[in-house]
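Read the figures in this text as sums done on the coordinates, not as results from a lab. From a predicted model like this one, the values you see are computed outputs, not experimental measurements. Glycine also receives a Cβ, built like all others from the backbone with ideal geometry; neighbour counts cover every protein chain displayed.
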């Protein structure tokens, strides 16, 4: 379970997150949606124990983020928006490093690595330097490393970025399996059709504040729109802007 109460994060005079509150239950996939610069990634870094809140209360899996960020990291699997990897290592070396840091027994680690490597189809890259690999392959390595320690909570920031359709489908099925196992999952994506498919509830964050929260159907009813994409554009005041840009493009072309 994740509990966020009146979370504020400032960077100097800039308020990145402005008093947001939400809760993610066990066995729930919670979508955190918003335009670039809205505060999504900052919020997710706080949930993962990477950043400390300026104020407010954040509890992840029973662990207070401000008081025990290391304890949060032990139970969370986190995938950042852009993969953060040791590019001078091979994937095998990196997975072994992660296993060592996480304290995963050797036999258990190798079994998990083999399972995930086969699932995401990266066997032929295991001996290559990570720095030489494509963005999509790096994203798969990031995903695998986040799941190796069998985390209670998953924080996935644009985790579908760069994935081929097969791998994206595998990840989607994994998330649904993790949900059935009672894990809490926070998931951000710009692919709103995907969020509409897998998220139990979503919130729309805009300028550091949550402006709407509920099931997809509740948000559609609230905004009087038929798709999550239209809900998102309407709530973030982008609908008219998009329509104007499209009209200008049509006139120009």
Legend entry - Distance (nanometres) between label positions extended 7 Å along Cα→Cβ at residue 101 and residue 164: 2.8
Inset, instruction - Rounded to the nearest Å, what's the spacing between the alpha carbon centres of the range 190-218 and the range 91-108? Just the number, please. - result: 35
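What percent does the relative contact order of the range 1-72 come to when contacts are Cα pairs within less than 8 Å and at least six residues apart?
Across the range 1-72, relative contact order equals 36 percent.
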Inset, instruction - Express as a percent, rounded to the nearest 5, the fraction of DSSP beta bridges in the chain (both residues included) that run antiparallel. - result: 55
Inset, instruction - Relative to the longest principal axis of the C-alpha atoms of the chain, give the angle of the C-alpha long axis of helix 165-180, reported between 0 and 90° and rounded to the nearest 10°. - result: 90
Inset, instruction - Please find the FRET efficiency linking residue 21 to residue 93, where r is the Cβ-Cβ separation and R0 is fixed at 35 Å, and quote it to the nearest 0.05. - result: 0.25
Legend entry - Separation in nanometres of the label points that stand 7 Å from Cα toward Cβ, at residue 211 and residue 66: 2.8
Legend entry - Acute angle (nearest 10 degrees) that the helix 91-102 long axis makes with the longest principal axis of the chain, alpha-carbon atoms: 90
Inset, instruction - Using only Cα positions of the range 92-201, each an equal point scatterer, no hydration layer, compute I(q)/I(0) via Debye at q = 0.20, 0.22 Å⁻¹ and quote the log10 values to two decimals. - result: -1.15, -1.35
Inset, instruction - Over the range 2-214, calculate the relative contact order: mean separation of alpha carbon pairs under 8 Å at least 6 apart, over the residue count, as a percent. - result: 33
Inset, instruction - Could you tell me how many degrees, from 0 to 90 and to the nearest 10, lie between the Cα long axis of helix 106-120 and the main elongation axis, the longest principal axis, of the Cα atoms of the chain? - result: 50
Legend entry - Stokes-Einstein translational diffusion, the range 23-91 - Kirkwood Rh over all Cα pairs, 1.002 mPa s, 20 °C, in µm²/s: 158
Legend entry - Helix-only [θ]222 nm of the chain, DSSP H runs n ≥ 4, -39500 (n - 2.57) each, per residue, nearest 500: -13000 deg cm²/dmol
Legend entry - Estimated distance in nm for a label pair at residue 52 and residue 230, the labels positioned 7 Å out from Cα along Cα-to-Cβ: 4.7
